[in-house]
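The values are calculated or read from the model by the stated rules, or taken from the named source; none is laboratory data. Since the structure is predicted, the reported quantities are computational estimates derived from the model, not experimental observations. Positions of Cβ are backbone-derived with ideal geometry, glycine not excepted, and every protein chain shown enters the neighbour counts.
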Amino acid sequence: MLGQPVAAERQSIGIFGQWGAFRERQPPRCFAIAQPVRGPRPEGWQPFASISYWPQRRVAAQVHFRMSRQKRQGSAILLRIDDRTFQLAGGGVNAWAPDSRADGEIVRALRMGVGMSIETRSIRGTLVRDYYQLRGAATAIDAAAIDCAQRR
């Protein structure tokens, strides 16, 4: 339908604890997503953590993070899930796992974890850390995966 906002194409699959699961039609994808429970609040965008499924691209459980501050060039982006640490790739305000193997390791840790933080240095040089609760993450990830599998 012409003139419809893009958000109208997004449908809720469910809300599970601190996480939600959604589907979009174009391009077809399903994802689990959460906002940080603590961290700076930027103007102009919302920070989030997401795990996406893109059936037409044959991509499953791809992690993506939008940080609350723009990353300083050359600064590492560290993801901590309980006692595990992962180094992410990215730039600007976005971060991803460096490859699909790391996606899988991160999602396994998310599924069993309690808390998560993502940190980097901002363009001003200050340490920026966004905190997430993982209650409901495993269920939201499963709901997104199942919904996309059913729509193939």
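Observations on the structure shown:
- Neighbours by Cβ (under 7 Å, 6+ apart or cross-chain): first from region 3-15, modelled with pLDDT under 95; second loosely packed, with under 10 Cβ neighbours inside 10 Å and not in a strand (DSSP E or B): Glu9/Gln26
- Hey, Arg38 of a type in the set (D, E, K, R), under 19 Å from Glu119 (Cβ atoms) and surrounded by 19 or more Cβ atoms within 10 Å (Cβ to Cβ) or not: no
- Residues satisfying the stated conditions in region 10-37, i.e. part of a strand (DSSP E or B) and among the hydrophobic types (A, V, I, L, M, F, W, C): Ile13, Ile15, Phe16, Trp19, Ala21, Phe22, Cys30, Phe31, Ala32, Ile33, Ala34
- Just one of the listed residues (Gln150, Gln133) is of a type in the set (S, T, N, Q) and at pLDDT below 95, and it is Gln150.
- Beta carbons closer than 6 Å, at least 6 apart along the sequence or on distinct chains, pair a first residue in region 130-152 that is within 18 Å of Ser117 (Cα to Cα) with a second that is exposed (fewer than 14 other Cβ atoms within 10 Å of the Cβ) for Tyr131/Val37; Tyr131/Arg38; Gln133/Val37; Leu134/Val114.
- The requirement of being in contact with a Lys or Arg (Cβ under 8 Å, 6 or more places away or on another chain) and either over 17 Å from Ala34 (Cβ atoms) or not in a helix (DSSP H, G or I) (or both) is not satisfied by Ala61.
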